[in-house]
Amino acid sequence: MKRSLSVSFAFLTTLMAGALHLRSQEASMPDLAKLQSMTARLAPVNITADASRLPEGERKALARLVEAARIMDDLFLRQVWAGNEAMLQQLKKDQSPFGKARLHYFLINKGPWSRLDDNAPFIPGAPPKPEGANFYPAGATKAEVEAWIKSLPEKTRGLATGFFTTIRRQPSSSGFAAVNYSIEYSNELTVAARLLREAAALTAQPTLKTYLTSRADAFLSNDYYASDVAWMELDASIEPTIGPYEVYEDEWFNYKAAFEAFIALRDDVETAKLAKLGSQLQDIEDHLPVDPRHRNPKLGGMAPIRVVNVILAAGDGNCGVQTAAFNLPNDERVIKEKGAKRVMLRNVQQAKFQAALVPISRIVLAAADQKNVSFDAFFTHTVMHELMHGLGPHQIQAGARASTVRQELKETYSAIEEAKADIAGLFALQYLVDKGVLDKTLTQSMYDTFLASAFRSIRFGINEAHGRGIAIQLNSLLDYGAFRTAPDGTFAVNAGKIKDGVNALTRELLTLEAEGNYPKAQDMIKRLAVVRPEIQRALDKLQGIPVDIEPRFPAAERLLSSAAQK
Ligand code: ZN
């Protein structure tokens with residue numbers, strides 16, 4: 001009796017502790033109002049593109065691709081957490097307003113953790129977000145997996161650390177084993193492969209046919225090389241990207257690729273504009289505001305850039321803050337042979353511009369300048385930013401040693417290089433306006449737009465390269481007098497000084513890079529990559545403005561329903 005009492009008492013204590021834990025978790029979960037305000041940070045917008053001008057065969061192919069992309073949603077959900085699918089079914093049963101709000105935010109985040117809030121759980125019963133996602137054996141620690149990987153012979157280690165395998169417990173022994181995605185996700189990938197093949201049969205565009213066929217093969221063989229090469233060689237009105245790509249969801253090792261899809265249409269007008277900018281690059285390099293000996297007399301080939309409009313983004317590609325551009329593939333073998341391709345998602349950027357940048361400009365810019373903020377200036381500068389990464393010093397001399405800017409600047413490199421791409425991008429646009437290549441009206445809009453967009457970027461924080469780069473520019477241009485503040489807390493471009501200010505900062509950053517001047521880079525970051533009080537006051541006023549967008553894809557819905565009717 002006594003014994004049994006003590007046992008049940010211990011049991012009761014455990015139970016109570018468990019209940020207390022659950023109750024305290026329940027209490028810390030957002031209520032309906034809080035959940036709604038968290039969701040409202042992402043403005044719902046339609047992301048769409050006109051597929052009606054495509055020939056019928058291409059439209060039908062597109063519908064198959066949309067279907068295949070939907071499968072990436074399911075796969076990614078499972079990759080994030082083993083419990084996701086069961087929780088989704090559970091959430092779908094709750095038809096109350098609170099239940100629907102939870103389901104809505106769950107779908108945005110692809111799981112019960114709020115990605116905008118350091119992955120804080122928002123549904124009772126959700127464990128902390130697993131850092132190794134669902135790529136590694138349930139219950140295994142990072143150290144165990146690491147030790148197992150180290151114990152492997154070199155020949156099989158590559159498979160364990162590869163993009164396209166999960167690590168699972170071996171049922172027959174106590175050890176782990178690498179499982180190919182083609183096995184782990186065989187049901188879904190078989191269906192996706194069939195849809196890609198059907199699309200390949202429907203399209204009349206040879207490079208698209210090749211990509212879709214080789215990607216379908218890859219889903220079943222687990223060998224993605226040929227299809228990555230085919231993706232680099234895509235030259236078609238439909239620009240799909242579908243499969244396992246980015247590795248950020250694997251927070252343990254960044255080894256494992258998450259499934260995603262971007263089904264998009266190539267933007268021919270913008271692509272032609274891009275080619276025009278691309279043809280000016282050597283001339284821009286020859287006129288960079290830097291000592292002529294630091295200029296590159298012969299630029300290498302330009303990395304391919306595509307401008308597209310998204311019909312549907314899925315999986316890892318539609319999760320929390322939306323992707324505005326990406327650079328793929330990640331396979332070093334393909335990069336070495338074919339380079340990488342940058343894809344700019346123009347309609348996504350336009351939606352972000354409308355939802356966040358325009359409202360921000362109405363708060364931070366002087367009233368008279370707000371009308372100058374334009375998407376065209378924003379997008380042209382974004383493209384120029386990407387192009388400018390290829391200009392300026394890269395291979396440098398550090399004393400007698402041949403080195404690179406990246407090596408010399410070490411951990412300061414990314415922030416300095418991002419600042420350089422931005423500011424030299426402004427320099428280049430002004431140069432092309434002065435030369436008559438770009439329209440004169442751009443001068444007025446590009447500086448105001450840049451100033452407003454600096455506040456959008458700095459809002460994401462100065463803990464990473466882009467935010468730091470922006471802070472450096474904003475503070476330098478304020479110190480120079482090229483930007484100025486008004487007593488009402490707004491900011492304005494000083495038309496008389498902006499051109500010189502941009503030239504001076506471009507010169508400073510290019511020279512710093514050419515010299516590989518690490519101490520100077522450190523000093524610059526310490527002094528300028530900060531949020532000063534006047535900037536903070538402006539940021540405080542932006543609280544109610546959406547941080548990003550929640551995309552809806554009406555064109556994809558239409559394609560699916562018309563395919564279903566036939
Ligand atoms: Zn950049």
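Read-outs throughout are calculated quantities, based only on the coordinates presented, and are distinct from any laboratory measurement. Only a predicted model underlies this, so the values are computations on that prediction, with no experimental measurement involved. As a convention, Cβ positions derive from the backbone with ideal geometry for all residues, glycine included, and neighbour counts pool all protein chains shown.
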- Dipole magnitude of the range 508-566, debye to nearest 20 (Cβ charges: Lys/Arg +1, Asp/Glu -1, about Cα centre): 260
- Task: Mind checking the range 413-516 for GluC sites (Glu not before Pro) that DSSP puts in a loop (not H, G, I, E or B) and that have at most 16 other Cβ atoms within 10 Å?
- Result: E464
- Query: Percent of alpha carbon pairs in the chain separated by more than 31 Å?
  - Reply: 56
- Message: Taking 30 Å as R0, compute the FRET efficiency from the Cβ-Cβ separation of L116 and S561 and round it to 0.05.
- Response: 0.40
- Helix-only [θ]222 nm of the chain, DSSP H runs n ≥ 4, -39500 (n - 2.57) each, per residue, nearest 500: -17000 deg cm²/dmol
- Gain in span if fully extended, A486 to A272, counting 0.36 nm per residue against the direct Cα distance: 73.0 nm
- Message: Tell me the net charge near S374. Cut-off is 12 Å between Cβ atoms, S374 excluded, with +1 for each Lys or Arg and -1 for each Asp or Glu.
- Response: -3
- Task: Set the Förster distance to 22 Å, then compute FRET efficiency between A368 and V531 from the Cβ-Cβ distance, nearest 0.05.
- Result: 0.25
- Query: Any idea which of Q95, S172, P244 is furthest toward the positive side of the dipole for the chain, if Lys and Arg beta-carbons carry +1 and Asp and Glu beta-carbons -1?
  - Reply: Q95
- What is the distance, in nm, between label points placed 7 Å from the Cα along the Cα-to-Cβ direction at D479 and at D94? 5.2
- Item | Radius 12 Å from Cβ of A492, net charge of other residues (Lys, Arg +1; Asp, Glu -1) | -1
- Note on the structure: For the chain, averaging the sequence separation of alpha carbon pairs under 8 Å that lie six or more residues apart and dividing by its residue count, the contact order in percent is 17
- Amide proton proximity set for R306, modelled H, under 5 Å, gap of 5+: R342, V343, M344
- Message: Give me the one-decimal nm value for the distance between modelled label points at S173 and A40, 7 Å along each residue's Cα-to-Cβ direction.
- Response: 5.8
- Item | For A258, net neighbour charge (Lys/Arg +1, Asp/Glu -1) across residues whose Cβ lies under 9 Å away | -4
- Subtract the Cα-Cα distance of A398 and A33 from 0.36 nm times their separation in residues, and report this length gain in nm to one decimal. 125.6 nm
- Message: With θ taken as phi - 60° and the coefficients 6.51, -1.76 and 1.60, list the Karplus ³J(HN,Hα) couplings across the range 98-106 in order, rounded to whole Hz; mark glycine and proline as x.
- Response: 5, x, 5, 5, 5, 4, 4, 6, 4
- Query: Want the number for D286 to A138: 0.36 nm per residue separation, take away the alpha-carbon distance, what's left?
  - Reply: 47.6 nm
